[in-house]
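Novice: Take a look at the following structure, please.
The values are calculated or read from the model by the stated rules, or taken from the named source; none is laboratory data. Bear in mind that the values here come from a model prediction, so they are computed numbers and not experimental data. Quick reminder, even Gly has a Cβ in these numbers, built from the backbone with ideal geometry, and neighbours come from all protein chains shown.
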Ligand SMILES: Cc1cc2nc3c(=O)[nH]c(=O)nc-3n(C[C@@H](O)[C@@H](O)[C@H](O)COP(=O)(O)OP(=O)(O)OC[C@H]3O[C@@H](n4cnc5c(N)ncnc54)[C@H](O)[C@@H]3O)c2cc1C
Ligand code: FES
Ligand code: FES
């Protein structure tokens, strides 16, 4: 009997529906003071003066923190801190909304009131407020200590020659917006000090990252930093790093000698955490009449903010298809914005919007079925690494997805399908995502009452990690799921991976598996050495777990429960430890794959696009919990409907101010934007046993990746109009 | 002036004093340790702060982030924490948990309370969820949960107070929240406190208080003024009291003003409609206010009252410019009268927003035509929102239509003229060109959708 793969309800569902689940801002802290952030109103320049004295005289105000009273004792590390030049470092202002003051008061109202009266005088300087403004100074980034991690240019074969020779050529430019993750919980931080120990309640996707990042900037021993994040109200990349306000809050709490709590307002979210950078991409394709793509070039210009950072849109172009002659280039445009970061799905999302749109355009030009074109150019091995894939079932994704969707009913001629006054279109796109992994640890403790506790400091951001990881242990121990408890979200627990990069199940899941195996092995060793045990004297390798007991492989009737082994040994608990180290030298290349299909309806008179049906077929290893995975997949598809149809951060061209930093104007999908229950997710087993111990791949990101292109392709099919710049707002279709 | 305010929170009576009347209910709940209710925006947009209240309008879901404490005196308030009884989840909580309707869970208490309140109103279907945003689930499991039917138990343990929910005044220092119980009382307060602001549902005022700050506010609530809450059918038409909420109108119009009823369904979301009032929507004179175009197309008249007396103006004369009206200080909108049409009219209303629901209009349009038997247009009212500084009628094109046959050609020609009629602005919701195109296209859509009706 397997305990995996089934639809098991979330461990924490109950406390989430009752409001008992404590998010960062909910944690009661005695004598807490409240901090409110003040952002700069100019996009570039220097702060001449801030009226801190005046504000500090207001009732209830404890102190105003600015660059004048800030000195960071340690160093900033790019793996954990979202912006390398921390605000408050000096008097320079680099973007609108950069935090220039933190006002602490004895109540939230007083802090808000005081913050609203903070006035800064600036010496303004010229600013590059938009992508367009910066475009003339586009440049090639160089690998640095910060966020430019990979060489900007790659190539294989001879693109120029192959393109010149190609009988069919295609070239187009695509654009994606600056997007904000917009989790419903805004960022919150509460810091308190007990002697020289910092306790930090933090909305984060990465408990260990918050701990080590803080340790580095504050020049402290990480052991003296205790990060707690029981539940995080969504991240999508926004909370993957530490942002400057958290660091200053922690320091301020120490200086005040009093706990301090800061929660970003909704408008502050867009500058106080990461975002997905805007991209402009040019794709050239050279193919034969039969659809063999011989030459591809993919150039991406991404918009950078305070720190140079590439939104890596060209990565998948190197891997997804067997393009023999290829050039990819990453370029940057510097603007006066905050530093960008990862947003579900980073890099590949914008990148595949361009590539998969271009393939659709080529298929149309060649008069060929879009799936057929993709099949023809299928990569059996990873052409970039020249390695076999550890598992790839993309062809099956096309097949099963197309079948479920009813792709065969598609009349290939654009504008040929109608339903009343609406034009109907079908579109598809491939999806893929590299399987990332991170070193991490977990503990599984068996208790004498027969229960077990899994502990690892993973942040639960909505993906169902607590549930899935408890299941991993339950399966290994063959215990009923309800006998396994889970502890997470705390840096005093074994260090887990971050909850990003779709890696919790794979990395932390592997660590949990190893910990459970270790606990089981220890229990077995106790039993075989104990003359009172039915397993006494049995060779260790002949002891297996079954139905919550350790039994003889050759005679399952001979065995006993963990409880009796521990009790007889006089042990209250027995703790297994697991440490997962990614295999850097793997002979395989590991990716998840998928195919996504959209049906859209377009009201021709109004230009409004509605996604009326969607099918996603994903080959992402073994699915650990069908229920949470399906729900996460559907959520991810709908998240990307927002990217495709409505979202986008806008700045005023002249001042650089944010125009839609609120939920009234930054539109995310509502219930009415969702195809009524015609959203199907299929998981296909790719039989990948090499990717990791569990055979599991992440699904949090791949589910979103192909969505915008599938929708744009469907819109073209419906209307005959090709929109190459996201989002597909109605004005682009009239 | 009362220095304290009484509420019941999750069944317990509570007297609040020393907390400013403009403190939002959400902030009060959270500051007093009831942190199950979340904040996602503080502007009424996300529904994370949804709680159920029982006040003068029965049990309703509201966005507690924009409801000032002063407005809930003598209310019963129920939050997600309050639903569990003897350790047993409420059926809507159970359904949501079962359906996997909670991922990160931050939106969950808000959804729970929307579903809970819907039990009392009897509302079913997706409309219940429209005012709650979720970034994780994609709504599908939540929809599933919304389908499991449940109704309040006969011995409802949640709303137990037998006291009538009579609004009471509440002051702290210089901040006053008046809850007059008569129109005269309200008008007197306004003349006594020249700086005072009328507040009805507070869906605009509440947002403003959060954004701009709230020192020394004097608010005069119209929510409990009976004269403003009447709905009277007269020979002339239907007179709608200014302080009727949009939810009340939905429930009480009963098919008598189809244009208005259609528009109400796509107006914001349930939590907002439970508070927002008819007069409040007109008084803000927003160029994208949704009720104005509809009421313009209906030929509505507005009754204004002050201590000096009352006067009636045509709605088409009510708006004077960007966010200005003919209202004088101390004057209130008492009611709006929708005249009874002399003959059946061909009518439709359209709201084009950036997403499927819960958005203000990019362009809103309402059309109302009278046709003679031979399909000649004899009267026309075409009204728009989002295309000019005020909601407007397309007077020239109305004139053009009169006397013309209602044919595809007439419609196309009218649409062409409409496209050139206004000079809208570009903003995030749409470019000026897009809006101009919509002005005409919506009229064409009107023709296509209703040509069959005429033929019949
Ligand atoms: C999330 C959200 C979504 C929204 N969506 C829409 C939408 O889709 N369409 C739309 O049109 N609007 C929308 N609005 C705005 C809408 O809610 C308001 O315009 C509402 O109708 C105002 O009514 P109220 O009773 O809440 O007014 P209040 O906020 O109480 O008052 C608004 C103004 O009107 C004045 N006022 C109120 N009553 C009277 C009266 N009887 N006489 C004179 N003056 C009076 C007040 O003094 C104040 O200046 C939305 C608002 C929010 C927060
Ligand atoms: S907090 Fe978003 S609606 Fe109240
Ligand atoms: S579950 Fe995360 S926002 Fe709804």
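Novice: Name every residue in segment A:68-83 that is in contact with a strand residue (DSSP E or B) (Cβ under 8 Å, 6 or more places away or on another chain), crowded, with 18+ Cβ neighbours inside 10 Å and within 18 Å of residue A:40 (Cβ to Cβ), in order of residue number.
Specialist: If the condition is that a residue be in contact with a strand residue (DSSP E or B) (Cβ under 8 Å, 6 or more places away or on another chain), crowded, with 18+ Cβ neighbours inside 10 Å and within 18 Å of residue A:40 (Cβ to Cβ), then A:82 is the only one that fits.
Novice: Counting residues that are without any contact (Cβ under 8 Å) to a residue 40 or more places away in the chain and more than 14 Å from chain B (Cβ to nearest Cβ), which strands (runs of 3 or more DSSP E) fully inside segment A:520-621 reach at least 3?
Specialist: Here the list reads A:549-552.
Novice: Just for strands (runs of 3 or more DSSP E) wholly inside segment B:212-258: which have at least 2 residues that are closer than 30 Å to residue B:192 by Cα and touching a strand residue (DSSP E or B) at 6+ places or on another chain (Cβ under 9 Å)?
Specialist: Once the strands (runs of 3 or more DSSP E) in segment B:212-258 are filtered for at least 2 residues that are closer than 30 Å to residue B:192 by Cα and touching a strand residue (DSSP E or B) at 6+ places or on another chain (Cβ under 9 Å), what remains is B:218-221, B:237-241.
Residues are listed down the side, and each one gets a yes or a no for (1) within 13 Å of ligand 1 (Cβ to nearest atom); (2) buried (at least 16 other Cβ atoms within 10 Å of the Cβ); (3) within 25 Å of the chain's Cα centre (by Cα):
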{"residue": "B:342", "(1), (2), (3)": "no, no, no"}
{"residue": "B:346", "(1), (2), (3)": "no, yes, no"}
{"residue": "B:372", "(1), (2), (3)": "no, no, no"}
{"residue": "B:388", "(1), (2), (3)": "no, yes, yes"}
{"residue": "B:392", "(1), (2), (3)": "no, yes, yes"}
{"residue": "B:399", "(1), (2), (3)": "no, no, no"}
{"residue": "B:411", "(1), (2), (3)": "no, yes, no"}
{"residue": "B:415", "(1), (2), (3)": "no, yes, no"}
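Novice: Could you list, in sequence order, the residues of segment B:191-204 that are surrounded by fewer than 23 Cβ atoms within 10 Å (Cβ to Cβ) and touching a residue at least 12 places away in the same chain (Cβ under 8 Å)?
Specialist: B:191, B:193, B:194, B:195, B:196, B:197, B:204
Novice: Pull up segment B:121-159, narrow it to residues that are outside any helix (DSSP H, G or I), more than 25 Å from residue A:680 (Cβ to Cβ) and touching a strand residue (DSSP E or B) at 6+ places or on another chain (Cβ under 8 Å), then point me to the one that is nearest to ligand 2 (Cβ to nearest atom).
Specialist: Applying the filter and picking the extreme gives B:131.
Per-residue answers, yes or no, for (1) more than 16 Å from ligand 3 (Cβ to nearest atom); (2) crowded, with 20+ Cβ neighbours inside 10 Å; (3) within 14 Å of chain A (Cβ to nearest Cβ):
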position: B:233; (1), (2), (3): yes, no, no
position: B:237; (1), (2), (3): yes, yes, no
position: B:251; (1), (2), (3): yes, no, no
position: B:256; (1), (2), (3): yes, no, no
position: B:267; (1), (2), (3): yes, yes, yes
position: B:283; (1), (2), (3): yes, yes, no
position: B:291; (1), (2), (3): yes, yes, no
position: B:294; (1), (2), (3): yes, yes, no
position: B:298; (1), (2), (3): yes, yes, no
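Listed here are the residues, each with its yes/no results for (1) surrounded by 19 or more Cβ atoms within 10 Å (Cβ to Cβ); (2) under 30 Å from the mean Cα position of the chain (by Cα).
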residue: B:375; (1), (2): no, no
residue: B:429; (1), (2): yes, yes
residue: B:433; (1), (2): no, yes
residue: B:436; (1), (2): yes, yes
residue: B:446; (1), (2): yes, yes
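Novice: Output yes when any residue across segment A:246-262 is within 14 Å of another protein chain (Cβ to nearest Cβ), more than 16 Å from ligand 3 (Cβ to nearest atom) and in contact (Cβ under 8 Å) with a residue 40 or more places away in the chain, and no when none is.
Specialist: yes
Novice: Pick out, from segment A:97-159, the strands (runs of 3 or more DSSP E) lying fully within it that include 3 or more residues that are closer than 30 Å to residue A:32 by Cβ.
Specialist: In segment A:97-159, the matching strands (runs of 3 or more DSSP E) lie at A:99-105.
Novice: May I ask you to verify whether residue B:335 is touching a residue at least 12 places away in the same chain (Cβ under 8 Å), surrounded by fewer than 18 Cβ atoms within 10 Å (Cβ to Cβ) and over 25 Å from residue B:447 (Cβ atoms)?
Specialist: Here the answer is no, as residue B:335 does not meet what is asked.
Novice: Sticking with this one: Confirm whether residue A:621 is at positive phi and assigned by TED's automatic domain parsing to the domain that holds residue A:352.
Specialist: Considered against the rule, which asks whether it is at positive phi and assigned by TED's automatic domain parsing to the domain that holds residue A:352, residue A:621 comes out as yes.
Novice: Turning to a different aspect of this structure: Would you check which residues across segment A:706-727 are part of a loop (DSSP other than H, G, I, E, B) and crowded, with 24+ Cβ neighbours inside 10 Å and list them?
Specialist: Matches in segment A:706-727: A:706, A:726.
Novice: From the list A:205, A:181, pick out the single residue that is out of contact with any strand residue (DSSP E or B) (no Cβ under 8 Å at 6 or more places or on another chain), in a loop (DSSP other than H, G, I, E, B) and in contact (Cβ under 8 Å) with a residue 40 or more places away in the chain.
Specialist: A:205
Novice: Find the strands (runs of 3 or more DSSP E) located wholly in segment A:1-74 whose residues include 1 or more that are modelled with pLDDT of 95 or more and within 12 Å of chain B (Cβ to nearest Cβ), and list them.
Specialist: Passing ranges, in order: A:33-39.
Novice: A follow-up question, please. Within segment B:349-456, considering only helices (runs of 4 or more DSSP H) that don't extend past its boundaries, which have at least 2 residues that are within 30 Å of residue A:642 (Cα to Cα)?
Specialist: Passing ranges, in order: B:432-455.
Novice: Could you tell me which residue of segment A:663-674 is farthest from residue A:601 (Cα to Cα), considering only residues that are crowded, with 20+ Cβ neighbours inside 10 Å and within 14 Å of ligand 2 (Cβ to nearest atom)?
Specialist: That would be A:663.
Novice: Can you tell me which of (1) at pLDDT 90 or above; (2) outside the structural domain of residue B:10 (by TED's automatic domain parsing) is the one residue B:118 doesn't meet?
Specialist: (2)
This table checks each residue for (1) at pLDDT below 95; (2) surrounded by 13 or more Cβ atoms within 10 Å (Cβ to Cβ).
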site	(1), (2)
A:129	no, yes
A:135	no, yes
A:139	no, yes
A:147	yes, yes
A:150	yes, yes
A:153	no, yes
A:157	no, yes
A:163	no, yes
A:167	no, no
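Novice: Further question: Can you report the number of residues in segment B:129-184 which are at positive phi and either more than 16 Å from ligand 3 (Cβ to nearest atom) or over 27 Å from the mean Cα position of the chain (by Cα) (or both)?
Specialist: Of the residues in segment B:129-184, 1 are at positive phi and either more than 16 Å from ligand 3 (Cβ to nearest atom) or over 27 Å from the mean Cα position of the chain (by Cα) (or both).
Novice: May I ask you to list the residues in segment B:58-85 that are more than 13 Å from chain A (Cβ to nearest Cβ) and more than 16 Å from ligand 2 (Cβ to nearest atom)?
Specialist: B:58, B:59, B:70, B:73, B:74, B:75, B:76
Novice: So, in segment B:269-281, exactly how many residues are within 14 Å of another protein chain (Cβ to nearest Cβ) and either surrounded by fewer than 22 Cβ atoms within 10 Å (Cβ to Cβ) or away from ligand 2 (no atom under 16 Å from the Cβ) (or both)?
Specialist: The number of residues fulfilling the criteria is 0.
Novice: To continue, here is another question. Anything in segment A:659-688 that is without any contact (Cβ under 8 Å) to a residue 24 or more places away in the chain and not in a loop (DSSP other than H, G, I, E, B)? List them, or say none.
Specialist: Passing the criteria: A:671, A:672.
Novice: Hey, does segment B:279-300 have a residue that's touching a residue at least 24 places away in the same chain (Cβ under 8 Å) and over 17 Å from residue B:391 (Cα atoms)?
Specialist: No, segment B:279-300 contains no residue that is touching a residue at least 24 places away in the same chain (Cβ under 8 Å) and over 17 Å from residue B:391 (Cα atoms).
Novice: Where residues in segment B:36-54 are more than 6 Å from ligand 2 (Cβ to nearest atom) and crowded, with 24+ Cβ neighbours inside 10 Å, which of them is nearest to the other protein chains (Cβ to nearest Cβ)?
Specialist: Step by step, filter segment B:36-54, then rank; the result is B:36.
Novice: For segment A:561-581, state whether one or more residues are surrounded by fewer than 18 Cβ atoms within 10 Å (Cβ to Cβ) and under 26 Å from the mean Cα position of the chain (by Cα).
Specialist: yes
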